[in-house]
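Below is one structure; the comments refer to it alone.
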Amino acid sequence: MNEYKFAHRVENIEESGVRKIFNIRKGVSDVVDFSLGQPSFDVPDKIKNATCNAINNGFNKYTLTQGLPEFREKLLAKLEKKYNKKIEDIIITGGASACLFFALMVLVDEGDEVIIPDPYFVLYKPVVKIFGGRPVLVDTYPDFRLRGDKLKKAISPRTKILIFNNPVNPTGVEYSASEVKIITDIARRHNLILISDEVYEEFVYDFQFESAFPLYENTILINSFSKTYGMPGWRLGYACGPKEIIKKMLTLQQFSFVCAPTPLQKGCISALSTDVKDLISQYKKKRDIIYDGLKDVFEVVRPQGTFYIFPKVPWGKDQEFVKEAIKNKVLVVSGGTFSERNTHFRISFATDDDTLERGIKILKKLAKKKI
Ligand SMILES: Cc1ncc(COP(=O)(O)O)c(C=O)c1O
């Protein structure tokens, strides 16, 4: 076998723990799959049909790098109305992942510090490191809420960015309006760039979602069509914010992925007028089923948003418990995939109610079985 000399920047980057589980799933039948970070519903027919029509009508060439003009303009108008503010610029990309990648690539220099609340979405830490930055993790256990005092303590003269995910993958925390205000005020006082990852904004169950975007001018809002419209495989997302930053991201897209897929951009114009409230409202019941099912046996925080719940393992380390769960055909992801701690595990409750009940039963049995 060849021994390749890899670039220093990727030497210590490992495969995502979520992908590992995804690979285990192949070839195992009759599993309770609690591992997936995607909604269980399919793309609404109206959007599918519009996209097929786009292909049949010749929307198969490149678009402008910043996005198909009609899509971009309509999206921008919708967002300006929603946030009641003039948006400086917007770029349409291959999902929120591409936005995060570009935003960090244009901003992070060797040694720059990027604050990331822990637990965190899997992409943040490796991508900061790829660009030579230093991830500064702020522990938010046991209730998983980033508090002002802890945030302030983590800020140093090298701090450049705060990555703020709300609602949070993997914990299901949704921040209240006053919490978001505290965090944006601190970001302003310390002149940080706030990357606000709001891909789960529609998946909220107890109170209205509060975006950081209109509260602080140095915010890059990152959002996606993946979760809201059940289309993670379509790879469509967007970033908006300060025009100088978006322009630099655009240049990178020019020299990498060129543009987001054209027929999907055309088809997703119809997504902008598609109401998905009914699809998402089913997730509140799923949240209740999983939380009520686990709370008496597991130490667990009730999620207010997303489709994840993050219980503490009842015994052993996260990987031991997860291994045992997988042996019993319940696929969950160990907490260490999203955290510096090895004490919890993530369940995605984006599945049908029967599967939820089946999984809860098995997990409860495993919790009582000390090994
Ligand atoms: C918090 C968070 N941000 C971003 C993404 C990436 O989404 P996309 O499919 O748009 O790349 C995910 C996907 O799981 C996520 O959980």
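Numbers at a glance
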{"quantity": "Fraction in percent of alpha-carbon pairs per bin - 5 Å, the range 76-204", "calculated": "2, 10, 20, 23, 22, 15, 7, 1"}
{"quantity": "Packing rank of 209-215, 224-230, 303-309, where each peptide gets the mean count of other beta carbons within 10 Å, highest leading", "calculated": "303-309, 224-230, 209-215"}
{"quantity": "Of LYS81/LYS227; LYS181/LYS243; LYS86/LYS266; LYS152/LYS317; LYS46/LYS82; LYS150/LYS243, pairs whose Cα-Cα distance is over 27 Å", "calculated": "LYS152/LYS317; LYS150/LYS243"}
{"quantity": "ILE362 paired with GLU14, simple spin-label distance in nm, labels 7 Å along Cα-to-beta-carbon", "calculated": "2.4"}
{"quantity": "Over the range 157-278, volume per residue of the alpha carbon convex hull, in Å³", "calculated": "137"}
{"quantity": "Where ARG235, ARG9 fall by accessible area, highest first, once all protein chains stay in place (1.4 Å)", "calculated": "ARG9, ARG235"}
{"quantity": "Extended-chain gain in nm, criterion 0.36 nm per residue less alpha-carbon gap, TYR4 and LYS329", "calculated": "113.3 nm"}
{"quantity": "For the chain, calculated [θ]222 nm from helices alone, where every DSSP H run of n ≥ 4 adds -39500 (n - 2.57)", "calculated": "-11500 deg cm²/dmol"}
{"quantity": "List TRP315, TRP234, ordered by accessible area with a 1.4 Å probe, largest first", "calculated": "TRP234, TRP315"}
{"quantity": "Gap separating the Cα centres of the range 230-260 and the range 309-351, nearest whole Å", "calculated": "33"}
{"quantity": "Ranked order, MET249, MET105 - accessible area, probe 1.4 Å, largest first", "calculated": "MET105, MET249"}
{"quantity": "Computed over the range 21-101: relative contact order in percent, which uses C-alpha pairs under 8 Å that are six or more apart", "calculated": "20"}
{"quantity": "Difference of contour (0.36 nm per residue) and Cα-Cα distance, LEU272 to ASP352", "calculated": "26.2 nm"}
{"quantity": "Sparsely packed trypsin sites (Lys or Arg not before Pro) within the range 298-339, loop by DSSP, other Cβ within 10 Å at most 15", "calculated": "LYS317, LYS329"}
{"quantity": "LYS85 accessible area, assembled protein chains, probe 1.4 Å, Å²", "calculated": "60"}
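The values are calculated or read from the model by the stated rules, or taken from the named source; none is laboratory data. Just so you know, these numbers come straight off a predicted model, no measurement behind them. FYI the Cβ positions are ideal-geometry reconstructions off the backbone, even for glycines, and counts take in every protein chain you see. Please note that ligands, DNA and RNA were not included when accessible areas were found on the heavy atoms of the full protein model with its side chains. Shrake-Rupley method; radii C 1.70, N 1.55, O 1.52, S 1.80 Å.
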